[in-house]
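The values are calculated or read from the model by the stated rules, or taken from the named source; none is laboratory data. The shown structure was predicted, so the numbers you read here are calculated from the model rather than taken from an experiment. Here the Cβ positions follow ideal geometry from the backbone for every residue, glycine too, while neighbour counts run over all protein chains shown. These accessible areas exclude ligands, DNA and RNA; they are computed on the full protein's heavy atoms, side chains included. Shrake-Rupley method; radii C 1.70, N 1.55, O 1.52, S 1.80 Å.
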Amino acid sequence: SCKISIFIVNGSAMFTGIITDIGEVVECEVKNGLMRATIQSHFPLDSIGIGDSICHDGCCLTVLKMWQDCESSFYDVDISPESIELTTLGKWQKGSRMNLEQSLTLQDKLGGHLVSGHVDGQAQILAITEESECFKITLRAPRELAKYIATKGSVTLNGISLTVNNVSGDDFSIMLIPHTWEHTNFHLLKPKSIVNLEVDRFARYAERLLEYANG
């Protein structure tokens, strides 16, 4: 029988922004600008294969090697110099924890929105306030990316698919329900923390179409 393991759009693995595990760096080393990291997760070993794509805090990385020990699985990934520079993965060290999601299969539900795993930039948390057991997070996006963020639109932060509540200039806010707060690494963050940001692909396509329409 044939098993289709990765959902492909334009030749790339895709994700939904629904986090299924929190991983931890157990080893991390940079050589000649390339970072090699060993990640511990609770994914069943038979669900991971060499060459598979896994989203780490919103950044798609390729599995190079995997093995199992007791109840945890382990795998190696490489982080390119560009990803080290443009994402929070460059700050990884032993003990760092990240949101994980395996790539979509044709049988999976699209619970969030289509996420490419290609980080556009980084946003800074300005404030975290608790409201009716939920958590309101206010962030500031880079000026060049803020134009793609709209009220009630979708945004991906550290790999999580979220709905934008409000926008004011370069600042925007999202609301986390208790489940998302507890089952992602957002509960480890605080004001001034930096998160990986991926804007909605459709916003970029719309901008490109308008460029052509306006000639």
Counting only strands (runs of 3 or more DSSP E) wholly inside segment 57-104, the ones holding at least 1 residues that are touching a Lys or Arg at 6+ places or on another chain (Cβ under 6 Å) are 72-79
Counting only strands (runs of 3 or more DSSP E) entirely within segment 16-56, those with at least 3 residues that are modelled with pLDDT of 95 or more and among the aliphatic types (A, V, I, L, M) are 21-31, 34-41
- Item | Residue check for Trp92: without any contact (Cβ under 8 Å) to a residue 24 or more places away in the chain and either at negative phi or among the acidic types (Asp, Glu) (or both) | no
Picking from Glu71, Glu85, the residue that is farther than 29 Å from His113 by Cβ, free of Cβ contacts under 8 Å to residues at least 40 places away in the same chain, open to solvent by 30 Å² or more (accessible area, probe 1.4 Å) and out of contact with any strand residue (DSSP E or B) (no Cβ under 8 Å at 6 or more places or on another chain) would be Glu71
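Criterion first (open to solvent by 20 Å² or more (accessible area, probe 1.4 Å) and free of Cβ contacts under 8 Å to residues at least 40 places away in the same chain) does Leu34 satisfy it? Steps first, answer last, please.
Details: open to solvent by 20 Å² or more (accessible area, probe 1.4 Å): yes; free of Cβ contacts under 8 Å to residues at least 40 places away in the same chain: no.
So Leu34 fails the test.
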Of (1) modelled with pLDDT under 90; (2) under 24 Å from Glu144 (Cβ atoms); (3) among the hydrophobic types (A, V, I, L, M, F, W, C), Ala123 satisfies every one except (1)
